[in-house]
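Novice: The structure's right below; bear with me while I get my questions together.
The values are calculated or read from the model by the stated rules, or taken from the named source; none is laboratory data. Just so it is clear, the model here is predicted, and its values are computed rather than measured. Cβ placement follows ideal geometry from the backbone for every residue including glycine, while neighbour counts extend to all protein chains displayed.
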Amino acid sequence: MRFKNLNQALDIFLFSFIIAGFAGSCTTTYSVSSKQDSYLKIDSKLDNQSSKTMDSIINPYKTSLDQIMNEVIGYSDGLTISKPESTLGNWVADALESNAEHLTGAKIAFAVQNHGGVRIREIPAGPVTLSKIYELMPFENYLTLVTADGKIVSEFLNRIAKYGGWPVSKSLIFRIEGETAKDIMIDGKPLEPDSSYILAMPDYVANGGDDCFFFEPLPKNNTEYLIRDILVNEVKRLTSKNEHISGKTEGRIR
């Protein structure tokens, strides 16, 4: 592509950069094939020349994006995140467990969402927009199933205990003593060291993130479902049934 002047080149480059950021889930990657050094004097004159062009290009896209992101997709009774257990954390983890079973057909022992992956402190009572779920879960993390024996599960829950608790689904109950998980119950039964369990979690954790290195060599089913999309669809599912996003603490982690 040839440009009439440097301002046009800068405008198109910046526009491409912004649109690439908006694309979100696109995975196309570009790399620099060559580079030539040059100098550009940045002053108010350059800013005045380019800003109107940039605004005219971006504004239609921004307006369209705002309309999409501000769409009300459901309603909340008011959820907050905290440790060791919280209403928002419980809702997220339960959504992962139920959707993991529905989408994959696997019997899930329990689901976990790492605490650091939940990026807002609350979903206030009232309308829930699409942008709010993007704020809640901005990362491109995919739902992943990990098959682990009871010994690895115990090590994993000790890791969660060390962090002071993570969002876990209702199938899991345990007590934190120091930095150790005690009295572990899965689906109403004590954890068995030699049994096999299928766990649902973000690919970040399944691939060893947050010091969960013990998962790295284990069998995995890396699904094609973004956790963010799962939560969006869960909100819409509840809305279709005239139900709100809600949650309660019930002693999953004590």
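Novice: Taking only segment 74-88 into account, find how many residues are under 19 Å from the mean Cα position of the chain (by Cα), closer than 25 Å to LYS241 by Cα and surrounded by fewer than 18 Cβ atoms within 10 Å (Cβ to Cβ).
Specialist: 1
Novice: Could you check, for segment 64-72, whether at least one of its residues is surrounded by fewer than 16 Cβ atoms within 10 Å (Cβ to Cβ) and part of a loop (DSSP other than H, G, I, E, B)?
Specialist: Keep residues of segment 64-72 that are surrounded by fewer than 16 Cβ atoms within 10 Å (Cβ to Cβ), which gives 64-72.
Going one step further and asking which of them are part of a loop (DSSP other than H, G, I, E, B), we end up with 70-71.
Within segment 64-72, one or more residues are surrounded by fewer than 16 Cβ atoms within 10 Å (Cβ to Cβ) and part of a loop (DSSP other than H, G, I, E, B).
Novice: Step by step: first the residues of segment 112-151, then only those that are out of contact with any strand residue (DSSP E or B) (no Cβ under 8 Å at 6 or more places or on another chain), in contact (Cβ under 8 Å) with a residue 24 or more places away in the chain and in a helix (DSSP H, G or I), then the one that is nearest to GLU224 (Cα to Cα). Which residue is that?
Specialist: TYR134
Novice: If the requirement is being of a type in the set (A, V, I, L, M, F, W, C), modelled with pLDDT of 95 or more, outside any strand (DSSP E or B) and touching a Gly at 6+ places or on another chain (Cβ under 7 Å), which of these qualifies: LEU96, LEU88, LEU157, LEU103? Let's see the steps before the verdict.
Specialist: On the way: LEU96 fails: touching a Gly at 6+ places or on another chain (Cβ under 7 Å); LEU157 fails: touching a Gly at 6+ places or on another chain (Cβ under 7 Å); LEU103 fails: touching a Gly at 6+ places or on another chain (Cβ under 7 Å).
Only one candidate qualifies: LEU88.
Novice: Another question, if that's okay. Among the polar types (S, T, N, Q) and part of a helix (DSSP H, G or I): which single residue out of ASN233, ASN222 fits that description?
Specialist: It is ASN233.
Novice: Of everything in segment 160-179, what is in a helix (DSSP H, G or I) and either in contact with an Asp or Glu (Cβ under 8 Å, 6 or more places away or on another chain) or at pLDDT below 95 (or both)? Give them in sequence order.
Specialist: Taking segment 160-179 first, the residues in a helix (DSSP H, G or I) are 160-162.
Residues satisfying the conditions are ALA161, LYS162.
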